[in-house]
Amino acid sequence: ENLGNQIVDLLDANSTHEALLPYLSNLFGLKLKSNDPTLWRRQIKTAVPLFKQKGTLEGLRLALDQAGISSLQLVRR
């Protein structure tokens, strides 16, 4: 029963051991972009909400912010 309760934590980027984070990222189809497990956790946690906004202006802004690129002012013509 205890082991069964711990399986749910494997899908939580906050509680998963850092050695298992690359496997968790593979589950979501992510490529981890650094060697820092703290950044891995943040990348995994924001992947699903960001994916839901794919193709929108807000999604583009969030993706650029995560990449460390300052948001650009976009003008519609």
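The values are calculated or read from the model by the stated rules, or taken from the named source; none is laboratory data. Only a predicted model underlies this, so the values are computations on that prediction, with no experimental measurement involved. All Cβ positions, glycine included, derive from the backbone under ideal geometry; neighbour counts span all protein chains shown. Please note that ligands, DNA and RNA were not included when accessible areas were found on the heavy atoms of the full protein model with its side chains. Shrake-Rupley method; radii C 1.70, N 1.55, O 1.52, S 1.80 Å.
Results, tabulated for the structure shown:
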{"item": "Euclidean distance between Cα centres, the range 12-29 to the range 43-60, Å", "result": "18"}
{"item": "Accessible area per residue, Å², the range 11-77 with all protein chains present, probe 1.4 Å", "result": "81"}
{"item": "Qualifying trypsin sites (Lys or Arg not before Pro) for the range 7-41 [loop in DSSP, other Cβ within 10 Å: at most 13]", "result": "Lys31, Lys33"}
{"item": "Computed lengthening from Ser34 to His17, 0.36 nm per intervening residue step minus Cα-Cα distance", "result": "4.4 nm"}
{"item": "5 angstrom amide H check on Phe28, placed H, neighbours 5+ away", "result": "none"}
{"item": "For the range 9-63, convex hull of alpha carbons as volume per residue, Å³", "result": "78"}
